[in-house]
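The next block holds one structure in the form of C-alpha cells; read it before the comments.
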Amino acid sequence: MALTLTCPICGERNGYEFRYGGEDKGPRPRAEDPAPGHWCEYVHMSPCVAGIRKEWWYHKDGCGVWFTTERDTTTSLEVKQPEKTR
Amino acid sequence: MNRLDGLPTCRIDSSRKIEFSWQNRRFTGVAGDTVATALYAGGVRIFSRSLKYHRPRGLYSLDGESSNTCVGIDGIPNVSAENTVLKEGMQVRAQNVMGTPRLDLMGFLDKLDWAMPAGFYYRTMHRPAAVWPIALKQVRKMAGLGKISPDFQMPGRFDEIYPTADVCVIGGGPAGLSAALAAAGTGLRVIVMESRPWLGGFFDFRVCEYRPGLPLYERAAELAAQVEKAANIQVFKNTAMVGAYSNNLITAFQKGEADDPFDERYIEVRAKSVVVATGCMERPLLFENNERPGVMQAACAHRLAHTYGLVAGQKAVFSIGHDLGIEAAIDLFDLGLEVSCVADIRKEGQDRELVEKLAERGIDFLPGWTAVDCSGKTVKSARLCNLDTYVQEQFECDLLVASAGMTPVTGPLCLAQAKMAYDAHTGYFLPRQLPARVHACGRLLGLNDAAAIEVSGQVAGYSATLDCGVSVEEGLRQAREKLDSLAGPAKGCDLVMAPVKGRKAFICFDEDTTVKNIKQTLAMGFDATELIKRFSAAGTGPAQGAIPGHNLALFVARYHGRSSAITQPTTVRDPLVPVHIATYAGAYHDMCKRTPMHDAQKTAGGIMQRIGVWKRARYFSSDTACTAEIENVRNNVGMLDATTLGKFRIWGPDAVKALQRVYISDMSKIREGRIKYSAMCNEDGCIIDDGVVVKRGENDYYFTTSTARAGQTVEWFRYHSRYDNWDFNMVNLTDAYGVINLAGPNARKVLEKLTEADITNSAFAYGGFCEFKIKNTIPVRAMRLGFVGELSFELHVPSSYMQSLWAMLEEAGRPFNIQPFGLEAQNVLRMEKGHLIIGSESEQRTTLNDVGLSFLWDRSKSKAGTVGAVALMHTEKQEGRLKLVGFKMDNAQRAPRDGSIVVDQNVCGHVCIARYSTTLKEVIGMALVKDHLAGEGAQLDIYEDECNGQLMHAHVVKMPFYDVKGERLSM
C-alpha cells in the first residue's frame, strides 16, 4: 500500500497497519430522540469531497490508538502530521 | 556449437554441463546459460510460432523484449527463455506450434494475412450471428500463446519482503552503481535493483576502453565490487522492478538463485528517494520480414558472444543506426564472424575511430543505407537499400543484425508519473518533468559517453541524498560542473521505417501487428496512439510493448505528418514485466490458532476443523449427528473446550462509562458475584455480539465476547469513545485465559472432587460468579452459565494451566464416564434450549429486537449515549422485518439444510439452523422469517435444492424447545 500514516505514538508507519474509521464528523449527537433521518445522516453519510479530509484511523497492527489525521483523498497522501499528543 | 572460451567478459562456465530437454529431445547447456542461449547454442533457431500468422520466431533480444522466445517450461506456459536461468532437468517446449517449430502445420496462415486485417477479430465472422460462436472456437484454437493444464499446480517456494531504504536505485548499470555509491558514501541506506543476474549493465560485456588500459567490463567490475563491499548498500539481482506508486513505493520481483531459499519473491520497497537508471534498449528497425529467425538486435549478437561465448552465425550483415552497432560489428569480426557489410542509417556523425577500425578490417561500410527485406525461413539473404537513391543490393548471410538505434527504458519513470517528451536531437522520449524525490540518470537521458554516464549517476545520487535531508550541496555542485564539461547526449537516428510497404514489417511481434495493420487502423479513423494500440493490439502482448513502444508513437506521428514532439507513447502500466500470480500471492500465510487442549482433544478422538481463526474439535466420533456426545451431556457430564471465547479486562475510573456506551443493558447495576448477560449492537441497532460481564473489583470488570468478535472488541470500545477522553484501560485476555465448559447433571460432582470451595447450589447458584482454586493451585474464575441447557460451570483459568485442568477433570470425571463434546454437539444442545449464536441466528440486518432479546435493552439509559439504542427505538415498530422464530418440522425424520429458504409467494426468510433432536425425538430449528409468519402456529413452507420441488412444512412454536422452565440450569 502506497499510503503511509503518522501514528501519534508509533510515528510514520506503513498504511497496511491501519484501519480507516471514517471522516471526522464530530462527537455523537446528544439529542435523545433525533429524527430517523438525522440519525441516519450522522451514522452513514460523509461529505466525501475530493481533497483534504480529516479522518479517523486505527493503528490495528500497532499500539491500538484511534487518531485523526488529514489526508488528501485525490493523492492518498497524508498532508499534515497529527498532533504528537492527544 | 562451440563456445568461445577464455573471454574475460564471459558469464558461463563451459566445464559445467547442464542437461535439459527441448521438445522431448535431450540438450546440453552450460552453467550460466539462460534457456534461450542454451537452445541457441544447441542449434535451435526457431523457438515458437507467432500468435496469428504462425510465422517462425527466433532469438531477437536477450532481456525478454518480445514473446518470440516464450516457451513452456515444466508445465508453466509463456516463460521468457531469455530471462530464465537454465536449470538441470528443465523440460522446455515450443508454444503455438502444430507439428514442430520448424514444420508447423498452421504455417500456411502467413499467406492468408490479407484475410486478417487489423481488428478482424472484432469485425469479421459476426454475420450471420450464428457463425461467431463456431468461428470463435476455431480462432482460439489456432491463435494464442502457451496453454496451461486446468489442474496445474504451481510448484515452488514464494516469498515476500518489505524493506525500507533511504535511496532505492533501479538499474545496476554504471549510472545506477555510481548513484548508489554517491548516496551510500554519506551513510544512507541504499537498495540497488538489477534485473540481470549480475551488475554492470551496458559496461559489462563491452571491451572498448573506459580509459587507457581499462576496458569497460573491468570498470563495471570495479564499480560492482565497490557496491557489493559497501555495508549500507543492499543489492537485489535477478530483480525486475514492476511498479511505482505514490510515496515512492517501489514493487519488484526477484528470481531466486540455486542457494536462495525462495524461487521467486515479491519485494516492496519504501524509499525516501528513488533513482531510475534503467538505461536503453534497442529500437527495432522496421523492414519487411524484420522478425525472421536470424534477425537480431545488435546488443543481442554482441552479448551472445561476449557474455555467453556464442558467435551467432557464420556470415552477417549489419544494418544499424548507432555507434554501438558498429562496435558490435568490429568485436564480432574479431571473434571470427564474417561481416559482409555494415549499413548505417546515419549518413554522418559516426565515431571516426570506429569507422577507421572497420576499414582496417576490410569491412564494407555503407552510411545512409538500411535493410529493407530478408528471405528464408531463417535468414538466407538480406536486401539493403540506399536511403537517398533507393538503389538496392542483396547479400547472402545467415545473420542480420538490425536495429534503428537506441531507445530509453522509460517504463519505471512513466509508472512514477514522470512527464516524458520527444527530444528531436536524440530521437528519444526523455523525462521533462520528474515527480518529487525521483531522479533519472545515465544512458536513459541520451548520454553515450562512459564518463558522463557515471557522473550523471553521481548527480542523481547526490540529489537523492539531499532528499533524505543530508547536506551534500557541494558534492552535487561539483558533479554537475563535471557533467557539463563532459560530452552530452549524442545525436540519434530518427528513421522509423525503412522505405518499404510494410505488409510483413512487424511493429509488434507479440500480437503479429504489421505496419500495414497500423495503416489500416489509421485509415479507419483511429488517430490517437492509445486507440490504435487497442484496435490493432500492438503492444498488448506479454512483453508489454517493449518492441512497439516507441516505434508505434513515432510511426503515427510521421503518418499524420506531425512533429514527433507532440506525440506520446502509449501508457505504461504495472506490472512492467509478467509476474506469476503465485509470486504476488507470496508464501502460504494461512495461520490458525490452537487452544492449549488441542493435542488432548485430538488424542480423545476429536476431529479438528478450522473455524474462524481457530482449529477446534467439531466432532468426537464419525457420527456427525453427535448422538452419543449429546446424550452424555444431557444425562451425565461432558466438557467442552471454549477457549476461543473473547476475554477482556477493562478497568479504570471511566470503565463503566465505556461499558455503558457499547452494551445495550444498564451496566452500572452489575453486582459483585453475579453475571450480567448483555449484547452489543452497532449504530443501526443490529446485534453484533453477546456475552457476559462480571465485576471483579471497584472499576474493574472481566467480560467475554463471542469468538468472532475477540479481535475487534478493543477497537470497538475505543472507537465509540474516541471523542470522550475517558480514563480506562483494556486488555485482550483471549489467549491468556482458556475456558472449559463443564456441563451436565453430574458436573458438580466432578468439580467437587477438585476444589474445597463451596460450590453447592446455595453458595454458587445459577448466574453466579466466583473465584477459587483447584487443588489449591490453579486459580479459577468460575461462572454458572447454561448455554447448553444443563447445570454447568464455565471455568476460566490461565492458559498455562489448561492442559493440567483438562487432565484433572478427565480423571475426576472417570467414575461418571465424563466425555469431551465438540462444537456440533454444543450447536444442537444450545438449539434445543433456544439459545442463539450471533451470526448464525442473526445476519447483517437483524436487530436486537428481531432476535427476541429486547429485554436486554435498558430503555431508561441515555439513548444517544448508547451505541445502537436510537436505531433500536426507530426500528422497533417497523413492519416487514425478519424475526427469529423456533419451528418444528411436520415430518420428524427430515431436517432441512441450514440456509434453506422459507417461501410463500416470495422468499420470506431462511432457516438458520435445523437438526434432529435426539432429546426431543423430532426435527426442530430456528428461522428468520418475515413478521407475518412469526406468530405461533404459523405454517412455514421450506424449500431446499434437494427437496425435488416438494416444499417441506413446519410450524412456528414457542422457544425454548427443551426444559421450558429452566430447572436443569439451576440444579
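If you take the residues in the range B:182-208 that are under 25 Å from B:Gly256 (Cα atoms) and of a type in the set (A, V, I, L, M), which one is farthest from the chain's Cα centre (by Cα)?
B:Leu199
Kindly indicate whether B:Asn78 is more than 17 Å from B:Val139 (Cβ to Cβ) and open to solvent by 20 Å² or more (accessible area, probe 1.4 Å).
Against the criterion (more than 17 Å from B:Val139 (Cβ to Cβ) and open to solvent by 20 Å² or more (accessible area, probe 1.4 Å)), B:Asn78 qualifies.
Somewhere in the range B:815-832, is a residue open to solvent by 40 Å² or more (accessible area, probe 1.4 Å) and part of a loop (DSSP other than H, G, I, E, B)?
yes
Check B:Gly376, B:Gly336 and return the single one that is closer than 23 Å to B:Asp5 by Cβ and open to solvent by 10 Å² or more (accessible area, probe 1.4 Å).
Details: B:Gly376 fails: closer than 23 Å to B:Asp5 by Cβ.
Sole residue among the options that is closer than 23 Å to B:Asp5 by Cβ and open to solvent by 10 Å² or more (accessible area, probe 1.4 Å): B:Gly336.
For the range B:796-814, give me the residue count where each residue is open to solvent by 20 Å² or more (accessible area, probe 1.4 Å) and out of contact with any Leu (no Cβ under 7 Å at 6 or more places or on another chain). Don't jump to the end; show me each part of the working.
Step one: list which residues in the range B:796-814 are open to solvent by 20 Å² or more (accessible area, probe 1.4 Å), which gives B:798-801, B:803-804, B:807-808, B:810-811, B:814.
Applying the additional criterion that residues be out of contact with any Leu (no Cβ under 7 Å at 6 or more places or on another chain) yields B:798-801, B:803-804, B:807, B:810-811, B:814.
Residues that pass the stated criteria total 10.
Restricting the range A:68-77 to residues that are open to solvent by 40 Å² or more (accessible area, probe 1.4 Å) and not hydroxyl-bearing (Ser, Thr, Tyr), which is farthest from the other protein chains (Cβ to nearest Cβ)?
Only one residue fits best here, namely A:Glu70.
Of B:Gly768, B:Gly839, B:Gly834, B:Gly813, which residue is in contact with a Lys or Arg (Cβ under 7 Å, 6 or more places away or on another chain) and among the small types (Gly, Ala, Ser)? First the steps, then the outcome.
On the way: B:Gly839 fails: in contact with a Lys or Arg (Cβ under 7 Å, 6 or more places away or on another chain); B:Gly834 fails: in contact with a Lys or Arg (Cβ under 7 Å, 6 or more places away or on another chain); B:Gly813 fails: in contact with a Lys or Arg (Cβ under 7 Å, 6 or more places away or on another chain).
The match here is B:Gly768.
Inside the range B:704-737, can you point out the residues that are acidic (Asp, Glu), at the interface with another protein chain (Cβ under 9 Å from one of its Cβ atoms) and open to solvent by 30 Å² or more (accessible area, probe 1.4 Å)?
B:Asp724
Let me confirm something: among B:Leu928, B:Leu882, B:Leu940, B:Leu872, which residue is modelled with pLDDT of 95 or more, open to solvent by less than 50 Å² (accessible area, probe 1.4 Å) and within 30 Å of B:Ser721 (Cα to Cα)?
Among B:Leu928, B:Leu882, B:Leu940, B:Leu872, only B:Leu872 is modelled with pLDDT of 95 or more, open to solvent by less than 50 Å² (accessible area, probe 1.4 Å) and within 30 Å of B:Ser721 (Cα to Cα).
Count, please, the residues in the range B:626-641 that happen to be hydrophobic (A, V, I, L, M, F, W, C), buried (at least 22 other Cβ atoms within 10 Å of the Cβ) and either free of Cβ contacts under 8 Å to residues at least 40 places away in the same chain or not in a strand (DSSP E or B) (or both).
Qualifying residue count, the range B:626-641: 4.
Enumerate the strands (runs of 3 or more DSSP E) found wholly within the range B:259-358, keeping only those where 3 or more residues are closer than 30 Å to B:Pro155 by Cα and either in the same structural domain as B:Trp198 (by TED's automatic domain parsing) or of a type in the set (Ser, Thr, Tyr) (or both).
B:264-276
Those residues that are open to solvent by less than 40 Å² (accessible area, probe 1.4 Å) and assigned to a loop (DSSP other than H, G, I, E, B), I need them from the range B:646-679; list them, please.
Answer for the range B:646-679, where residues must be open to solvent by less than 40 Å² (accessible area, probe 1.4 Å) and assigned to a loop (DSSP other than H, G, I, E, B): B:Gly652, B:Asp654, B:Ile664, B:Ser665, B:Asp666, B:Ile670, B:Gly673, B:Ile675.
Could you list all residues from the range B:927-971 that are farther than 30 Å from B:Phe764 by Cβ and touching a residue at least 60 places away in the same chain (Cβ under 8 Å)?
Matches in the range B:927-971: B:Leu928, B:Met952, B:His953, B:Ala954, B:His955, B:Val956, B:Val957, B:Lys958.
Just one of the numbered conditions (1) assigned to a loop (DSSP other than H, G, I, E, B); (2) touching a residue at least 60 places away in the same chain (Cβ under 8 Å); (3) more than 32 Å from the chain's Cα centre (by Cα) is not true of B:Asp63; which one?
For B:Asp63, the failing item is (3).
Residues checked against (1) small (Gly, Ala, Ser); (2) touching a helix residue (DSSP H, G or I) at 6+ places or on another chain (Cβ under 7 Å):
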{"site": "B:Ser14", "(1), (2)": "yes, no"}
{"site": "B:Gln23", "(1), (2)": "no, no"}
{"site": "B:Ala38", "(1), (2)": "yes, no"}
{"site": "B:Arg55", "(1), (2)": "no, yes"}
{"site": "B:Ser66", "(1), (2)": "yes, no"}
{"site": "B:Glu82", "(1), (2)": "no, yes"}
{"site": "B:Glu88", "(1), (2)": "no, no"}
{"site": "B:Gly99", "(1), (2)": "yes, yes"}
{"site": "B:Asp104", "(1), (2)": "no, no"}
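So if I check each of B:Ile148, B:Ile191, B:Ile170, which one is open to solvent by 30 Å² or more (accessible area, probe 1.4 Å) and among the β-branched types (Val, Ile, Thr)?
Selected residue: B:Ile148, the only one of B:Ile148, B:Ile191, B:Ile170 that is open to solvent by 30 Å² or more (accessible area, probe 1.4 Å) and among the β-branched types (Val, Ile, Thr).
Residue by residue through the range A:23-55, note down the ones that are at the interface with chain B (Cβ under 10 Å from one of its Cβ atoms), in contact with a strand residue (DSSP E or B) (Cβ under 6 Å, 6 or more places away or on another chain) and under 30 Å from B:Gln878 (Cβ atoms).
none
Here's a check for you: in the range B:863-897, which residue that is more than 22 Å from B:Asn682 (Cβ to Cβ) and assigned to a strand (DSSP E or B) is nearest to the other protein chains (Cβ to nearest Cβ)?
So the residue we want is B:Val885.
Restricting attention to the range B:680-703, report how many residues are more than 20 Å from B:Gly767 (Cβ to Cβ) and either touching a Pro at 6+ places or on another chain (Cβ under 6 Å) or open to solvent by 30 Å² or more (accessible area, probe 1.4 Å) (or both).
5
Tell me yes or no: at least one residue of the range B:751-770 is over 54 Å from the mean Cα position of the chain (by Cα), under 19 Å from B:Lys833 (Cβ atoms), of a type in the set (A, V, I, L, M, F, W, C) and assigned by TED's automatic domain parsing to the domain that holds B:Glu811.
yes
Which strands (runs of 3 or more DSSP E) does the range B:365-477 wholly contain that include 2 or more residues that are at pLDDT 95 or above? So that I can check it myself, show each step before the final result.
Numbers: elements: B:369-375, B:381-386, B:392-396, B:399-402, B:406-408, B:419-423, B:428-433, B:438-440.
The strands (runs of 3 or more DSSP E) meeting that bar are B:369-375, B:381-386, B:392-396, B:399-402, B:438-440.
Looking at the range B:483-491, is at least one residue within 37 Å of the chain's Cα centre (by Cα) and either of a type in the set (D, E, K, R) or outside any loop (DSSP other than H, G, I, E, B) (or both)?
no
Per-residue answers, yes or no, for (1) touching a Pro at 6+ places or on another chain (Cβ under 7 Å); (2) within 14 Å of another protein chain (Cβ to nearest Cβ); (3) under 26 Å from B:Leu430 (Cβ atoms):
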| residue | (1), (2), (3) |
| --- | --- |
| B:Asn247 | no, yes, yes |
| B:Lys255 | no, no, no |
| B:Asp263 | no, no, no |
| B:Lys272 | no, yes, yes |
| B:Leu286 | no, no, yes |
| B:Asn290 | yes, no, yes |
| B:Met296 | no, no, no |
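Residues that are closer than 17 Å to B:Asn725 by Cα, among the small types (Gly, Ala, Ser) and either loosely packed, with under 15 Cβ neighbours inside 10 Å or facing chain B (nearest Cβ under 8 Å) (or both): does the range A:56-67 have at least one?
Among the residues of the range A:56-67, at least one is closer than 17 Å to B:Asn725 by Cα, among the small types (Gly, Ala, Ser) and either loosely packed, with under 15 Cβ neighbours inside 10 Å or facing chain B (nearest Cβ under 8 Å) (or both), which makes the answer yes.
For B:Met90, work out the one condition from (1) over 28 Å from B:Pro284 (Cα atoms); (2) surrounded by fewer than 21 Cβ atoms within 10 Å (Cβ to Cβ) it doesn't fulfil.
Tallying (1) over 28 Å from B:Pro284 (Cα atoms); (2) surrounded by fewer than 21 Cβ atoms within 10 Å (Cβ to Cβ), B:Met90 fails exactly one: (2).
How many residues does the range B:343-357 hold that are farther than 17 Å from B:Leu387 by Cα and basic (Lys, Arg)?
2
The values are calculated or read from the model by the stated rules, or taken from the named source; none is laboratory data. Here the structure is a predicted model, which is why all the values come from computation and not from measurement. Quick reminder, even Gly has a Cβ in these numbers, built from the backbone with ideal geometry, and neighbours come from all protein chains shown. Areas reflect the complete protein model, heavy atoms only, side chains present, ligands, DNA and RNA absent. Shrake-Rupley method; radii C 1.70, N 1.55, O 1.52, S 1.80 Å.
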